[in-house]
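Remarks on the structure that follows.
Only the coordinates and a few stated rules stand behind these numbers; no lab work does. From a predicted model like this one, the values you see are computed outputs, not experimental measurements. Note that we place each Cβ from the backbone using ideal geometry, even for glycine, and neighbour counts take in every protein chain shown.
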Amino acid sequence: MNNSLLFNLSTYGLFLLALIQSAILAFGQVFLKIGLMKMEPFGWNAAFWRSALLNWQFALSGICFGGASLLWMYIIKKFPLSMAYPLVSLSYVFGLLAAAWIFHEDVNLNKWIGVALIVAGCFIISKP
C-alpha cells in the first residue's frame, strides 16, 4: 500500500475514534445532568452524600468520563495532536442533539448553524 492510502485510512480511523470518544463524553454529560437533577441540594450532610453515592446516573457519568479519557489517551498517543484535538469539538454536536432530544431544550437556528460549522471544520481538519 502506498503512504497516501495508509494516511487516509489512519485519518478515517482518527475520525471514527473521535466520534466514539465524543459520543461517550456527551453520554457522560447527559447522565451527569440527569443524576444531578435527582440529587439533594448540595450540602455537607448525610442526605446529600447518600443521594450522590446511591445515584446510578451519577456513577454512570463517571464511568463514561473515565472511558472517554482512556480512549482520548489512545487517540493522542497514536495520532498527531494537531489533528486529534480539534475533533474533540464533535462532543458539542452530540451535546446539542442530547439537549434537543433528551431534555427537550429549545435549539434555535443559530445553534444548528454553529453545529454545522463545527462538523465542517472537523472534516477540513481531518483532511491531509
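Put a dot 7 Å past each Cα toward the Cβ at LYS77 and TRP112; how far apart are the dots in nm? Label at TRP112, label at LYS77, 4.1 nm between them.
Its Cα gyration tensor gives region 3-126 an equivalent ellipsoid; the semi-axes, largest first and in whole Å, are 33, 19, 9. Straight-line reach from LYS78: taking Cα to Cα under 21 Å and skipping same-chain neighbours fewer than 8 places apart, the lysines in range are LYS127.
Each residue of region 48-53 is assigned a 3J(HN,Hα), and the resulting list reads 5, 5, 5, 5, 6, 6 Hz, derived from the Karplus form 6.51 cos²θ - 1.76 cosθ + 1.60 (θ = phi - 60°), x at Gly and Pro. Note on TYR85/LYS38: beta-carbon distance plugged into 1/(1 + (r/R0)^6) with R0 of 41 Å gives a FRET efficiency of 0.75.
Residues LEU60, LEU16, LEU109, LEU87 in ascending order of nearby Cβ atoms (within 10 Å, fewest first): LEU109, LEU16, LEU60, LEU87.
Relative to the current alpha-carbon distance between ILE102 and LEU19, full extension at 0.36 nm per residue lengthens the span by 28.0 nm. Per-residue 3J(HN,Hα) values for region 18-33, derived from phi via the Karplus relation 6.51 cos²θ - 1.76 cosθ + 1.60 with θ = phi - 60°, read 5, 4, 5, 4, 5, 5, 5, 4, 5, 4, x, 5, 4, 5, 5, 4 Hz in sequence order (x marks Gly and Pro). Fully extending the segment from PHE123 to ALA46 would add 22.9 nm, taking 0.36 nm per residue of separation and subtracting the current Cα-Cα distance.
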